[in-house]
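Enquirer: Supplied in structure tokens, the structure appears directly below.
The values are calculated or read from the model by the stated rules, or taken from the named source; none is laboratory data. Just so it is clear, the structure is predicted and the values come from calculations on it, not from any experiment. Counting neighbours? That spans all protein chains shown, and the Cβs are built from the backbone with ideal geometry, glycine included. Ligands, DNA and RNA are excluded from the accessible area calculation, which covers all protein heavy atoms including side chains. Shrake-Rupley method; radii C 1.70, N 1.55, O 1.52, S 1.80 Å.
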Amino acid sequence: MVLQQLFGALLFVYVVCSNNVNVVAQGTGCQQELTKYCPGWETNVTFCKSCIHSNFAKLEANCSTLSRALAKCGMSPSPTPSPPPSPPDPPAPPAPPVPPRPGAPRPHVLLWVVDDQGFANIGFHNPFNVITPHADSLVKEGLILDRHYTFRWCAPTRSSLMTGRLPIHVFQHTSHVYREFEMLPMKLKQVGYKTHQVGKWHLGFYYSWMTPVGRGYDTSLGYLGGGEDHYTQQSTEFGCDGVDLYQSVAPAYGLNGTYAAYTYNNEAVRIATQHNLSDPLFMYVALQCMHAPQEVPEKYSNMYNSNVYSDDYAIMNGMATIADEVLGNVTSVFKARGMWENTLLIYTSDNGGPAGELASGHSGNNFPLRGGKTNVFEGGIRVTAFLSGGLIPASVRGEIRTGYIHVSDWYPTVIGLAGGDPTNNAPGLPPVDGYDMWPYITGKNDTSPRVQFMISSEPNPYKKNYPIKEAGWNGALISGNYKLILGLQTYAFWQAPNYPNSSTNHKTEKMFDCGSKGCLFDIINDPSEYHDLADTMPDKLKEMQEIFARENATVFEAPKVPSNVSACEIYRANHKGFVGPYLDGSGSP
């Protein structure tokens, strides 16, 4: 049963879907405050910086840090590129084309990820409180995936999505995928698909072979890191600050300086509009919304009545609304061109909403689940997800799938539909963990093939100064009805349908320690994790601990590539303020 509640004030708002999205000059959040306290900041860099320094006490609540506020001042690099200092490292050679399996449906696949979207940050899970008319309509034509699981933060989820492995078999700390893993687009290209990536990558940026095109996409437009300013595309993740916006094989000169959702809308619409209909299409759209910093054009935050909703609520859910508008624009093109009848739309968040202070943005909502992004309570890992498109059999449309599905399962499922082979047995690498979910999705099988999986297994990241025997492990295992949680969790509170609200006080939050023994929950009968069964079911607890220990012995992770500040600064200087794969030519790991 899908967890839905009818709460809150009725909002009668109609969101108009248009293929031509106009950029709004003034934003909500930091940019709105700048306009209030520093009028004219957009056109005078010297005045902008001086005003920010003078008024930062007033700006801090919305701009977060001084460097982020200053990054708003005139950061528009020249559209003329300089040559790179050294030739890029070539990508791994593509596998030779193979004929697709006879009889495979070979649909167009639209893989859609909304960053940090909480379980209750979508209309069909939180009616009348969140404005997402396009998703709400599409889900009626498809299937709700009620128990769809990810990692507790974004990059490991994306690595799982692209490789078909559980995050414990790709990475949980580093942000690049081992070179010998064949990613999903590479597998699809082998059987004749056209492959395109739009938006967030977060799976490697140091070398060109780590970028989307280096991993099998024909084209890409987006940012290589994990988060940045929505308007300026300024990033601090590379080892030096710079503009992170990359187009296929080079910085995307001239495309920065616009609210990112507009840029990605236009690119996804362009790809769908210009696609050769004789070829199957795989398009991976990974929007920056709803990730921090909390910024959205006022048009969208103003849809949320200020007499009912807090500013934080309006901004966060305004990002859900603009993301939904982009979804409506792109799917409209698929329908207009006759592609929708043979399309599979896979819609998911990459983790739970960031509800607590120890999660970037801390305005997400996972009601009625416990916790959120950065922890392994259900609110952090059980995410909003659904399927739609003409490929969904009419006989099952409108149904709910309550069996376990993990994000890694889309790798074998999509490759199977494309007529490819999901096997990827490179020497020394873990095999594919995912299951082909299509028989379960279509109703051919009554139950999900997935009954057990490790969510995560990490030396406790919140006790970094402790030896491992004292710090213990931080992780989670699901097996049957039960879930084991180990270690210290960032927060453990429950949210309400209208969250955050005027009573929200992040200063009262506390971390929650399940310790080395662990917490035990029956997540089928107690989905909100109210009742810890560790003391009352010692035999089940011991069984789960033993399974965790066995699976823990299989952990695999690519070695971390250290950042190089000097190399980053040289790349930035040679690329007009943009950052990118600055270790090309230095020898790949």
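Enquirer: Setting aside same-chain residues fewer than 8 positions from Lys194, which lysines have a Cα under 26 Å from its Cα?
Expert: Here the lysines satisfying the reach criterion relative to Lys194 are Lys335.
Enquirer: In square angstrom, rounded to the nearest 10, how much accessible surface does Phe493 have for a 1.4 Å probe?
Expert: The accessible area comes out at roughly 50 Å².
Enquirer: Continuing with the same structure: Checking the cross-link filter: which lysines have an alpha carbon closer than 29 Å to that of Lys560, excluding same-chain neighbours under 8 positions apart?
Expert: Within the straight-line cut-off, Lys560 pairs with Lys187, Lys189, Lys200, Lys373, Lys463, Lys464, Lys469, Lys576.
Enquirer: Right, another one. Explain nothing, just the number: dipole magnitude of segment 176-253 about its Cα centre with +1 on each Lys and Arg Cβ and -1 on each Asp and Glu Cβ, in debye rounded to the nearest 20. Intermediate values should be presented prior to the final figure.
Expert: Working: 6 positive and 8 negative charges, 90 e Å.
The dipole of segment 176-253 has a size of about 440 debye.
Enquirer: Here is a follow-up. Could you run the Karplus curve 6.51 cos²θ - 1.76 cosθ + 1.60 with θ = phi - 60° over segment 423-438 and give me ³J(HN,Hα) per residue in whole Hz, x for Gly and Pro?
Expert: Listing the rounded values in order: 5, 8, 9, 6, x, x, 9, x, x, 4, 8, x, 10, 6, 8, 4 Hz.
Enquirer: Additional query: Report in % the part of the accessible area of the chain that belongs to carbon and sulfur, leaving out ligands and nucleic acids; probe 1.4 Å. Mind showing how you got there, number by number?
Expert: Details: 11710 of 21770 Å².
That fraction is 54 percent.
Enquirer: In debye, nearest 20: dipole of segment 323-477 around its Cα centre with unit charges on the Cβ of K, R (+) and D, E (-)? List each step's numbers first, then the result.
Expert: Values: 12 positive and 14 negative charges, 36 e Å.
Approximately 180 debye in magnitude.
Enquirer: Now, a different point. Using Cα pairs under 8 angstrom and six or more residues apart, how large is the relative contact order of the chain, in percent?
Expert: 22
Enquirer: Once you list every other residue whose beta carbon is under 13 Å from the beta carbon of Lys373, what net charge do they have if Lys and Arg are +1 and Asp and Glu are -1?
Expert: -2
Enquirer: Just need the relative contact order of segment 121-238 here, percent rounded to a whole number, with Cα pairs under 8 Å and 6+ apart.
Expert: It comes to 16 percent, rounded to a whole number.
Enquirer: Still on this structure, I have one more. Kirkwood-based Rg over Rh for segment 189-304 (C-alpha set), two decimals?
Expert: On the way: Rg = 14.8 Å, Rh = 14.9 Å.
Rg divided by Rh gives 0.99.
Enquirer: Can you compute 3J(HN,Hα) from phi for each residue in segment 366-381, using the Karplus curve 6.51 cos²θ - 1.76 cosθ + 1.60 with θ = phi - 60°, rounded to whole Hz and x for Gly and Pro?
Expert: Per-residue couplings from phi come out as 10, 3, x, 7, 8, x, x, 3, 5, 10, 10, 5, 4, x, x, 10 Hz.
Enquirer: Could you compute how fast segment 160-208 diffuses translationally, taking Rh as the Kirkwood radius over C-alpha pairs and applying Stokes-Einstein at 10 °C with viscosity 1.306 mPa s? Give it in µm² per second.
Expert: Working: Rh = 12.0 Å.
This corresponds to a translational diffusion coefficient of 132 µm²/s.
Enquirer: Hey, what D do you get for segment 104-172 in µm²/s if you plug the Kirkwood alpha-carbon radius into Stokes-Einstein at 4 °C and 1.567 mPa s? Could you put the intermediate results ahead of the total?
Expert: Values: Rh = 14.2 Å.
Result for D is 91 µm²/s.
Enquirer: For a quick check: with amide H placed at 1.01 Å from N, whose amide H comes under 5 Å from Gln489's, ignoring anything fewer than 5 positions away on the same chain?
Expert: Amide H neighbours of Gln489, under 5 Å, 5+ apart: Phe512, Asp513, Cys514.
Enquirer: Moving on to the next point. Rolling a 1.4 Å sphere over the protein heavy atoms, what is the accessible area per residue of the chain, to the nearest Å²?
Expert: Accessible area per residue, the chain: 37 Å².
Enquirer: Ok, one more. Explain nothing, just the number: dipole magnitude of the chain about its Cα centre with +1 on each Lys and Arg Cβ and -1 on each Asp and Glu Cβ, in debye rounded to the nearest 20.
Expert: I would put it at about 520 debye.
Enquirer: Treating cross-link reach as a plain straight distance, find the lysines whose alpha-carbon is under 18 Å from the alpha-carbon of Lys49, omitting any fewer than eight places away in the same chain.
Expert: Lys36, Lys58, Lys72
Enquirer: log₁₀ I(q)/I(0) of the chain at q = 0.07, 0.08, 0.11 Å⁻¹, via Debye over equal Cα point scatterers, no solvent, to two decimals?
Expert: -0.39, -0.52, -1.04
Enquirer: What three numbers, in Å, describe the spread of the alpha carbons of segment 314-465 along their principal axes, ordered from the longest?
Expert: Principal extents (Cα only, largest first): 54, 47, 29 Å.
Enquirer: Here's something else I'd like to know. Applying the Karplus parametrisation 6.51 cos²θ - 1.76 cosθ + 1.60 with θ = phi - 60° to the phi angles of segment 494-503, what ³J(HN,Hα) value in whole Hz is obtained for each residue in order, glycine and proline being reported as x?
Expert: Computed from phi, the couplings for segment 494-503 are 9, 9, 10, x, 9, 9, x, 9, 5, 9 Hz.
Enquirer: For segment 345-415, go through all pairs of different Cα atoms, get the mean of 1/r, take its inverse, and jot down that Kirkwood value in Å.
Expert: Averaging 1/r across every pair of different Cα atoms and inverting gives 13.6 Å.
Enquirer: Once you have the Kirkwood Rh of segment 465-589 from its Cα pairs, apply Stokes-Einstein at 37 °C and 0.692 mPa s and quote D in µm²/s.
Expert: It diffuses with D of about 175 µm²/s by this estimate.
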